[in-house]
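Quick note: the coordinates plus some simple rules give every number you see, no bench work behind them. Just so it is clear, the structure is predicted and the values come from calculations on it, not from any experiment. We place every Cβ from the backbone using ideal geometry, glycine too, and count neighbours over all the protein chains shown.
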Amino acid sequence: MQQSKHSPGFKNSLVPVLALVFLSPAFLSCGYVGPSNPGAYTSSTSSSSGSSGYSNPPTFSEINSQIIQPNCLVCHSSGTYTFTTYDTLIAGGVVKSGSPSTSTLYLDVSSGKMPQGGTPLSTTDVNAIDNWISAGALR
């Protein structure tokens, strides 16, 4: 009787590799649209201001007055994560221009982690933050 050239664990070690190869395209095709399509998460209208109440893309002024001031400044007006101005928000490192998926601000509000102890932001507000960061987090 001829013995197998492969060790008994070969077949078992191949299963995760094959699963990764075949499932990766499914995961990579979903989710974050990215800065190449900054309008992806906003209203489908082509006007500069859709039914969301935000410009396309939103401005920092809108994000600040409609989201940050009423929801974040109770805790983030001083200290390590200060959101009082555009400069302190960007300098604090919670916004990575063009990359919501690596921006702590977006990750925390989209997961519901923030505002801590408060009402989670609406989908419209979370999408506005996503769109603003995707478009370059411009002033």
Quick check: residue separation of T85 and S111 times 0.36 nm, minus the Cα distance between them. What number comes out in nm?
7.0 nm
What distance in nm separates the simple spin-label points at T102 and T59, each placed 7 Å from Cα in the Cβ direction?
2.9 nm
Which ordering of L107, L89 is given by a fewest-first count of other beta-carbon atoms within 10 Å?
L107, L89
Of the listed peptides 97-106, 69-78, what is their order by residue-averaged count of other C-beta atoms within 10 Å, with the highest listed first?
97-106, 69-78
